[in-house]
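Here is the structure we will look at.
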């Protein structure tokens, strides 16, 4: 095996008053606040309305994996000559959380549902891209041993082969 290059992602964390945590992303200087929204807060014993609501770490984990996946999917499309911008490619992500035998919330599956608007002649290539792109996504690859990653594609044909509106 060749020597591997190791890069670092640096984050500074502070545990504020429970359940609020703050992360400072050193690369950009961005601050992120974590909390325990809704049912997550109730699971950890916080009565509804007793603490300020912020997205939880599970929310960010789902968003991070799905955000990486849509970027990777867009890149695989572009490599095949399918350029999408704006609302041409959108996604909705759902994280399925279970309570395991140790009473720990565990993200067991992330489902990413893409809606792709592109010319009809690109459908087959787009479906092939959907079938392979998760393997090339850094975030999906990083968590795939513990979290099932599912992607679904809703293909909406627009225009005809000559580019005219249908």
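The values are calculated or read from the model by the stated rules, or taken from the named source; none is laboratory data. None of the values given here were measured: they were computed from a predicted structure. Cβ: placed from backbone, ideal geometry, glycine included. Neighbour counts: every protein chain shown.
At a glance:
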read-out: All positions within the stretch 77-105 that are in contact with a helix residue (DSSP H, G or I) (Cβ under 9 Å, 6 or more places away or on another chain), exposed (fewer than 14 other Cβ atoms within 10 Å of the Cβ) and part of a strand (DSSP E or B); value: 92, 94, 99
read-out: Pairs with Cβ under 7 Å, 6+ apart, first in the stretch 116-132 and free of Cβ contacts under 8 Å to residues at least 40 places away in the same chain and in the same structural domain as residue 84 (by TED's automatic domain parsing), second in a strand (DSSP E or B) and surrounded by 12 or more Cβ atoms within 10 Å (Cβ to Cβ); value: 123/155; 123/157; 127/153
read-out: Flag if residue 49 is at pLDDT below 95, over 20 Å from residue 15 (Cβ atoms) and either surrounded by fewer than 17 Cβ atoms within 10 Å (Cβ to Cβ) or within 18 Å of the chain's Cα centre (by Cα) (or both); value: yes
read-out: Of all residues making up the stretch 20-42, the number that are within 26 Å of residue 104 (Cα to Cα) and modelled with pLDDT of 95 or more; value: 9
read-out: Residue 133 being part of a helix (DSSP H, G or I), touching a helix residue (DSSP H, G or I) at 6+ places or on another chain (Cβ under 7 Å) and surrounded by 14 or more Cβ atoms within 10 Å (Cβ to Cβ); value: yes
read-out: Residue 10, sole failed condition from (1) more than 23 Å from residue 96 (Cα to Cα); (2) exposed (fewer than 15 other Cβ atoms within 10 Å of the Cβ); (3) touching a strand residue (DSSP E or B) at 6+ places or on another chain (Cβ under 7 Å); value: (3)
read-out: Qualifying position, being buried (at least 16 other Cβ atoms within 10 Å of the Cβ) and touching a residue at least 40 places away in the same chain (Cβ under 8 Å), among 73, 34; value: 73
